[in-house]
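Working notes, structure below.
A short reminder: the numbers here are calculations on the coordinates, not readings from a lab. Bear in mind the structure is a predicted one, so any value in this text is a computation, not a measurement. No Cβ is skipped: glycine too gets one built from the backbone with ideal geometry, and neighbour counts run over all protein chains shown.
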Amino acid sequence: MHGESDLNLWSTAHSEPIGVPAFLFEVKASHYWVSVMVDDSRISGFYKLTREERIKKVIELTGISEEEMKPLASPGDVDLDVLENMIENVIGSMTLPLGIATNFQVNGKDYLVPMAIEEPSVVAAASNAARWTRKHGGFSAVDTGPIMISQIQAIGVSAPYSAKHEILKAKEELLALANEQDPILVKFGGGARDLRVKVIDSSVGPMVITELLVDTRDAMGANAVNTMAEALAPEIEKLTGGRVLLRILSNLADQRLVRVKAVFDKELLGGEEVIDGIIAAWAFAEADPYRCATHNKGILNGVDAVVIATGNDFRAIEAGAHSYASVGGYSSLTKYERDPDGNLVGTIEIPMAVGLVGGATKVHPVARACVKILGVETGLELAHILASVGLAQNAAAMRALASEGIQKGHMALHARNVAATAGARGDMIEKIAKQMVKEKNVKVERAKEILAELSG
C-alpha cells in the first residue's frame, strides 16, 4: 500500500532517538506537519466513558482537530470518491470498530493507540498488558533499519556460478543504476545499500537470484524497490546470459526487524503461579506448531489492528511474520522468562515493513486521523509501537490462558454482540449480556427470551 517511487514525504530526522521531536515535511506542498506528544497514555476509566466522551478525551490529549476526527466518529461520511480511486469496482465501504488502546509507553514516550478490529477483548487486553509494564519502564524497542529486499530471478543461465561472480563484480554499477530510479529517496537518506546473489536449485533447473537491499526510509517501499529491480533486469540478463523473469519484493523482510522487551509486573499479573503458567503455555507453543500457529495469530491480533488503522498493508505483515517464524522450523515470535525479581520478561522479534508515506496512509481520512492520534514521526517509530502492541496482546492472552482461561474474557463482550443480534438496543444490551453470562447461557435464543421479559 506504500512505496510510491515519486515520494512526497520523507523524515529529516530518521536517525534521532524516539521522543526527540522530528519534522515531517511535504516536498510538494512545502509545509510542515508536527505531531503532538501524549503526556500520559493512562486514562482512568476510559472504557466507562460514553463514546462521545472518549472522542472528546482523545481530542483533548492528542491535539487532533474535530474536523480530523470526523471520519472516525462518522465513518459513513467518508467521501466515496476517495475510496473509488483506491481500488477497482467500488460500491461502498465496510466499517470496522476502531478503539483506543491506553497505557502504552514505548522508549519513554506515551501513546494512545488506535486499533481497528472486529474481535472482542483485543483492545482491552492490550491496554491491560501495557499497564502491567509501566512500573518497569514500559516497552523498550530497537530495530535493524527500514531495509527491504527485492529479488530478480534469472533463468536459463548456462553457468550460474560464473554469472554470480559477474553480477557481484558489477555490484557498484548496479547499485548506482538502482539509485538513479529514485533520487528523492536517495536525497532523504535512503536508497540501494547492498546487493547479494545466490544460486538455487529448482524443479525447472538452476536459477540465479539477485537480491537488492534498499533503505526505504519512511515508506513501506514496495513500489520503490520493484522499480529499482525493473531497471536492473536488462543488466542482469547481459551479465548472466539468461532471461530475467520475476522482479519483485520479498515480504520476508528479515532485514527490517523490530525487537521489543518489556517487564510485566508479577503482582499485577497475579503472582508466581500465573507466571509459571504463562511460561509453560509459551513452551507449548515453542514445541508444537499447531499451538504455535494460534499463539502467533494472537500476536498479530494486536499488530494487524494497528496496521489496518494506520492504512498499512496487514497482509504483508502477516506474510512476513509467519514466514520469519518458519525459518529453521515454525516457532514463537515471542519469548518469556523471569527476571531476578521474579517478574515476567517478554521479548518479541518480528519483521515490520510499514511506513507513513503513500498509499492509504496518506489518502484515507481515517488512516490520517489515526496517525495523528498516534503522534508518530517516522516509519520506524510506528514499527516500534506495532511490535510493542503485539507483545502486549500476546502477554495478555498468555495470562488469560494460564489463569481463568481465554473464554471468560471473551464471553462478556461476546454476550453483548449476541444481545445486539437478538434486537436489544441501548442499556438493554448490557442488562441482557450480564444475565446471559450469569446463567452461562450466551445464545441468541436466550437473549430474545430475556429481551421479551424485560420489554414486558
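General observations
- Rounded to two decimals, the Cα radius of gyration of the chain over 2.2 N^0.38 Å is 1.08.
- Contact order normalised by residue count of the chain, Cα under 8 Å, 6+ apart, percent: 21 percent
- Candidate lysines - alpha carbon under 20 Å from Lys164, same-chain residues fewer than 8 apart omitted: Lys198, Lys238
- Structure note, pairs Lys169/Lys297; Lys335/Lys434; Lys261/Lys362; Lys266/Lys440: Cα-Cα distances above 32 angstrom occur for Lys169/Lys297; Lys335/Lys434.
- Exposure proxy ranking, count of Cβ atoms within 10 Å, fewest first, for His165, His136: His165, His136
- Per-peptide average of other Cβ atoms within 10 Å, ordering 363-372, 87-96 highest first: 363-372, 87-96
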